[in-house]
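Following: one structure in structure tokens, then a few remarks.
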Ligand SMILES: [Zn+2]
Ligand SMILES: [Zn+2]
């Protein structure tokens, strides 16, 4: 029987890409890894990079786009992103421009039995998006690279069975860490990245709205650890009486941290 499956292939400040599949339909969200590693990981999941229906690009930053040039050149896969993002992407990935499917916030894209709705996000890029993916059997909210939980981000992710959400940094680690001041300010800003604490605050709302799987993603390798991200969200969920699923999966919510370089099921 078909079911909505989603996996991160990479997830960190260095590179982000996820593989979504339902029946014979599959697509990527972001392509921040080499074509070789993306292809190998899709194959390990029983898929085929050549059969992708498209790749949704959340925004133009390199950690989301660096595989695009070769993905376009070799396989000619449609790229769903904003034309202003493509203007920037095209400077380093000229082959990608020919495969642009211009995409705006508010658009809905149908692929097989999947419906993907595009929402705007608060981030310091030319345009940036998050996604709500709906199938006949389950839904996925997908959001990274956000300075705060805006109304449109809530619209995208609330009520989804599975949610992937950024948990980028521990504020104390960032403030006392090696980054220059301007970069710290950028990350902490309303259009920067989501902290563990801010992610933790929305997690109980996700659980209350019906999410049964929460995957923490896009962790900074300098300003965060999986233990800190997981711990912050776990503590908040438990404070609100949400039970985490252990090995036996008896509980309310499965909480995971996406691996930077290994496949993680969302
Ligand atoms: Zn970004
Ligand atoms: Zn990013």
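The values are calculated or read from the model by the stated rules, or taken from the named source; none is laboratory data. What you see is a predicted model, and the numbers here were worked out from it, not measured in a lab. Every residue, glycine as well, gets a Cβ built from its backbone with ideal geometry; the counts of neighbours run over all protein chains shown.
Numerical summary
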| item | result |
| --- | --- |
| Enumerated helices (runs of 4 or more DSSP H) restricted to region 177-266, each holding at least 3 residues that are at negative phi, modelled with pLDDT of 95 or more and within 18 Å of the chain's Cα centre (by Cα) | 196-208, 226-239 |
| Residue in region 208-225 that is within 22 Å of residue 61 (Cβ to Cβ) and surrounded by fewer than 21 Cβ atoms within 10 Å (Cβ to Cβ) present | yes |
| Selection status of residue 37, within 27 Å of residue 224 (Cα to Cα) and either within 16 Å of ligand 1 (Cβ to nearest atom) or at pLDDT below 95 (or both) | no |
| Test: residue 96 is buried (at least 20 other Cβ atoms within 10 Å of the Cβ), modelled with pLDDT of 95 or more, away from ligand 1 (no atom under 16 Å from the Cβ) and over 16 Å from the mean Cα position of the chain (by Cα) | yes |
| Residue in region 34-75 that is nearest to residue 87 (Cα to Cα), counting only those that are in a loop (DSSP other than H, G, I, E, B) and more than 16 Å from ligand 2 (Cβ to nearest atom) | 54 |
| Region 164-176, subset within 16 Å of the chain's Cα centre (by Cα) and free of Cβ contacts under 8 Å to residues at least 60 places away in the same chain, residue nearest to ligand 1 (Cβ to nearest atom) | 166 |
| Residue among 96, 105 that is touching a strand residue (DSSP E or B) at 6+ places or on another chain (Cβ under 7 Å), in a loop (DSSP other than H, G, I, E, B), more than 16 Å from ligand 2 (Cβ to nearest atom) and farther than 20 Å from residue 265 by Cβ | 105 |
| Conditions (1) surrounded by 23 or more Cβ atoms within 10 Å (Cβ to Cβ); (2) within 15 Å of ligand 2 (Cβ to nearest atom); (3) not in a loop (DSSP other than H, G, I, E, B); number of the one not met by residue 163 | (2) |
| Qualifying residue in region 182-196 (condition: more than 15 Å from ligand 1 (Cβ to nearest atom), farther than 24 Å from residue 244 by Cβ, in contact with a helix residue (DSSP H, G or I) (Cβ under 8 Å, 6 or more places away or on another chain) and without any contact (Cβ under 8 Å) to a residue 60 or more places away in the chain) | yes |
| Conditions (1) in contact with a helix residue (DSSP H, G or I) (Cβ under 7 Å, 6 or more places away or on another chain); (2) under 24 Å from residue 29 (Cβ atoms): number failed by residue 226 | (1) |
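Okay, residues lined up against (1) without any contact (Cβ under 8 Å) to a residue 60 or more places away in the chain; (2) touching a helix residue (DSSP H, G or I) at 6+ places or on another chain (Cβ under 6 Å); (3) within 16 Å of ligand 1 (Cβ to nearest atom):
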{"site": "115", "(1), (2), (3)": "yes, no, no"}
{"site": "119", "(1), (2), (3)": "yes, yes, yes"}
{"site": "125", "(1), (2), (3)": "no, no, yes"}
{"site": "136", "(1), (2), (3)": "no, no, no"}
{"site": "142", "(1), (2), (3)": "no, no, yes"}
{"site": "154", "(1), (2), (3)": "yes, no, no"}
